[in-house]
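Following: one structure in structure tokens, then a few remarks.
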Amino acid sequence: MNTPIVAIVGRPNVGKSTLFNRLAGKKVAVIAEESGTTRDRITTPVTIENKRFLLTDTGGIGISANSDVLQSEIQSQAEFAIDIASVILFVTDVNEGPTPIDQDLTNVLRKTKTPIILITNKADTPKSELLSNEFYSLGIGSPISISAYHNHGINDLKQSIAELVPQNETNNDFDHSSISLSIIGRPNVGKSTLVNTITQESRSIVSPIPGTTRDAIDTLFEYKNTSINLIDTAGIRRRGKVEPGIEQFSVIRSEQAIERSNIVCILLDAEEPITAQDTHVAGLAIESYKGVIIAVNKSELLSDEEKNELSYAVNTHFGFAPYAPIFFISAKENTGIDDILDTVLIIHEERMRRIEPSMLSNLIWDIVGSHQIPHKGKRSLVIRSVIQDNINPPTFKFKVNDTNLIHFSYKRYIENQMRKELDFQWTHLNLIFY
């Protein structure tokens, strides 16, 4: 099943982005005094009380400074949240009281059976908290009074969210051990053609799962006696080019597909330059410790010299994932497709691998002994123990004397050495220092 979505809605300048960052535990959304501020990312994975979900900031969707169109755009925002969300966070400004736009939003939200949490934000003083009683007039439940900026009332809000977010249970239509592969890319790069080629050319379709053009569509098929759950997604446009409504919905669905994948295939167009959106999606997959494959489609149009130039460009743009394999394919002519699927099997095998404890410990001591140990002043890093905590992705926990001594470059050094010595050729490793 899809990871649940918790959507934040509300009129401009009520503190949606501040709340988004507060719940995310990091600065993801850009905050400014102007209403409708754009953001680099509109979703981020969040876990509260063992409930994992995608937090979505719908703020600014179609918001215009023109007051004549503001009302309809706010309504579109609410309808958009109704379409995608498992839980809706309706944010208001306690100091301004219920406004006509708040009431219009309420009227739209009443159409849904999706749970709604009414939030009165900017309650920075005891007096402002009392003002939240006015919002009972909206008739959608008891308001939760918070100050996202000052972190007041956030724990109560988190508890309410955790109570309403559904458990993300495994879809029983799929074998629990199957591989989940998502095909991600901008519109018109050939995703649908690639999916059709994979599922129609000598493949055994086990279970097609219907969807819509806005949804990710799942197909379970067999390749070399291995079950693969193929997740086709709606296209992701270049940053800043996403239209409100359905296209915004598609972006979130694509990011949601990444969240529930084991391996992500990022599809590029040989005739188009690599964009920030391509690297953004790859970065999201890397942050989530997914396996990553980069496929350049329509390669039949390229000469050998052009392939070499494009290969250099891909390596440059995706330098943060040097282990990600790159393939030149043609979905239309069915070339290079088996190379991708063979690599999917190898990556999955790597992600499921467990390392014998004594072998792991001996390797880490060798790695540490072959490089200068990080230190600050007279205090040096000491790695007390290391264990493999999980698989898919391979996760290793290092008990150290001081986590402040772990610089990202030293962490990268250890990962690179582990990948080399343990033959983790094409998968990301999750190293946790505590």
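The values are calculated or read from the model by the stated rules, or taken from the named source; none is laboratory data. Please read these numbers as outputs of a predicted model, since none were measured by experiment. Cβ atoms come from the backbone with ideal geometry, glycine included; neighbour counts cover every protein chain shown. Just the protein is used for accessible areas: all its heavy atoms, side chains included, with ligands, DNA and RNA removed. Shrake-Rupley method; radii C 1.70, N 1.55, O 1.52, S 1.80 Å.
Going down the table (16/113; 158/376; 51/113; 16/399), which pairs top 28 Å between alpha carbons? Too far apart for the 28 Å limit: 158/376; 16/399. Report in % the part of the accessible area of the range 294-434 that belongs to carbon and sulfur, leaving out ligands and nucleic acids; probe 1.4 Å. In the range 294-434, the share of accessible area belonging to carbon and sulfur is 48 percent. Phi-derived couplings, Karplus 6.51 cos²θ - 1.76 cosθ + 1.60 at θ = phi - 60°, listed residue by residue for the range 353-369: 6, 10, 9, 4, x, 5, 5, 5, 4, 4, 5, 5, 5, 5, 4, 5, x Hz, with x used for Gly and Pro. Of the peptides 44-56, 313-325, 89-101, the ranking by mean beta-carbon count within 10 Å, highest at the top, reads 89-101, 44-56, 313-325.
Could you tell me which chymotrypsin sites (Phe, Trp or Tyr not before Pro) in the range 326-398 are loop residues by DSSP with no more than 11 other beta carbons within 10 angstrom of their beta carbon? Listed in order of number, the matching sites amount to none.
From largest to smallest, what semi-axes in whole angstrom does the range 242-383 give when each is the square root of 5 times an eigenvalue of its alpha carbon gyration tensor?
Details: eigenvalues 240, 80, 63 Å².
Calculated on Cα positions only, the semi-axes equal 35, 20, 18 Å.
Principal axis extents of the C-alpha atoms in the range 304-367 (largest first, rounded to whole Å): 48, 25, 15.
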